[in-house]
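The values are calculated or read from the model by the stated rules, or taken from the named source; none is laboratory data. Everything quoted here is computed from the prediction, not taken from an experiment. All Cβ positions, even for glycine, are placed from backbone atoms using ideal geometry, and neighbour counts span all protein chains on display.
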Amino acid sequence: MKFPPKQLIDLRLLFALVLFLFASACIKPSSPRETARLLKVEDATQADLIAEVNRFARVNSMRAKMDLKFEDNSFAEFGSKEVYRQADGEVVVQRPGKILLKVQVPIIKSDVAQMTSDGEKFRVAILQDGGSGKYKKFVKGTNNADYSKLQKNLNAADIGDSKEAKKNVNAFANLRPQHFTDAMLVRPTDEGHVYTQSTIFQDEVDSSVEKKSPVRTVTRGYYMLDEFGKRADGGLTIQRRFWFDRVGGIRLARQQIFDAKGEIESDITYGKQGSLTATGNYTNLPLDIQVTRIKEKYSMRLTYQTPEDVMIGNVFPDAAFVLQNSWNLEEMDLDKKLLETATTQPSQTPINTGVTRFRP
């Protein structure tokens, strides 16, 4: 292709200008900057990811002694949180959604609280409140009910401004036993859902490297496996998202559970892996689990005290997951209180039964 003379001259001038700019001593490379170290990742298929979820789902029941650590995130919007001292816990879980959780004071093994869920109803016994006894209660409610309408009234009537009460009660105020069933007993995949696979890379701090090290920040790759439920109108609703760490293998690192509106209900992270039980049949399972409930503004970290003593596969009677008020505590039936609120305040917004949250 031939250019007209004028265009040819213009192109030569432009080419000469580019050469001059690159050759000029005034143009120097920018100063080197530290950047995140990109970690090598492994590959996996969607079938591999589904198989890993279902490997976790082999655990259908468990009994374990655990260390529990609570964080009250009520003031997270202001950049602060309150970390509670560690407590001892005994957890019994069984499919499809049954759980018994006992919280004890370390060393003396005195119960602070006990709670159960049979999959539909929950019961919580607050047994210690710092010595006054005023805040000891036996609370009953429904797993999928929304008690947010009761929150303001219960705060004023039952907790008030007592520093001691807040110290001992706040950690359990929004804690519900059913929040931990899907964290410890991962539900298997099934053909009734739709699954998609994608990838993501994010910068993280490698805590195993010294703080001043230039390679402390790394870029880690993850696979994400999204689970969608089918709606009656043919649409899809996201229900769960699994994050798989791709560095050094494929490891389930995180599970997010969504509500009907597509908002996160539970954000669950899984720590380093090891063996549970002494049988050798349950290897490469997380030894610590952290459950964050954003709406209820708390998180709890569960760490197995002695992983080899964990019991898996036992069948527990249904009665084990229905707590009885053997302490003769004052009872608080949240469903009745909710009905009373709806009756006395009919002009308020209709109750949404999507989220469970309240403060006893």
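Only one residue in 202, 239, 178, 273 is more than 21 Å from residue 51 (Cβ to Cβ), touching a residue at least 12 places away in the same chain (Cβ under 8 Å) and surrounded by fewer than 20 Cβ atoms within 10 Å (Cβ to Cβ). Which one?
Just one listed residue meets the conditions, 202.
How many residues, within segment 238-252, are under 13 Å from residue 272 (Cβ atoms) and part of a strand (DSSP E or B)?
So the answer is 3.
Report yes if residue 201 is part of a strand (DSSP E or B) and either under 16 Å from the mean Cα position of the chain (by Cα) or within 22 Å of residue 291 (Cα to Cα) (or both), otherwise no.
no
If residue 104 satisfies every condition in (1) modelled with pLDDT of 95 or more; (2) among the polar types (S, T, N, Q); (3) not in a loop (DSSP other than H, G, I, E, B) but one, which is the exception?
Looking at each condition in turn, residue 104 falls short on (1).
Here is a yes/no grid of residues against (1) more than 20 Å from residue 278 (Cβ to Cβ); (2) in a loop (DSSP other than H, G, I, E, B); (3) in contact (Cβ under 8 Å) with a residue 40 or more places away in the chain:
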| site | (1), (2), (3) |
| --- | --- |
| 315 | no, yes, yes |
| 319 | yes, no, no |
| 335 | yes, no, yes |
| 339 | yes, no, no |
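Consider segment 109-131. How many of its residues are part of a strand (DSSP E or B), within 24 Å of the chain's Cα centre (by Cα) and of a type in the set (D, E, K, R)?
Of the residues in that region, 2 qualify.
Take the residues in segment 276-303 that are of a type in the set (Lys, Arg) and assigned to a strand (DSSP E or B), then tell me which one is farthest from residue 61 (Cα to Cα).
If we take residues in segment 276-303 being of a type in the set (Lys, Arg) and assigned to a strand (DSSP E or B), then 293 is farthest from residue 61 (Cα to Cα).
One residue is enough: does segment 76-91 have a residue meeting the conditions among the aliphatic types (A, V, I, L, M) and modelled with pLDDT of 95 or more?
yes
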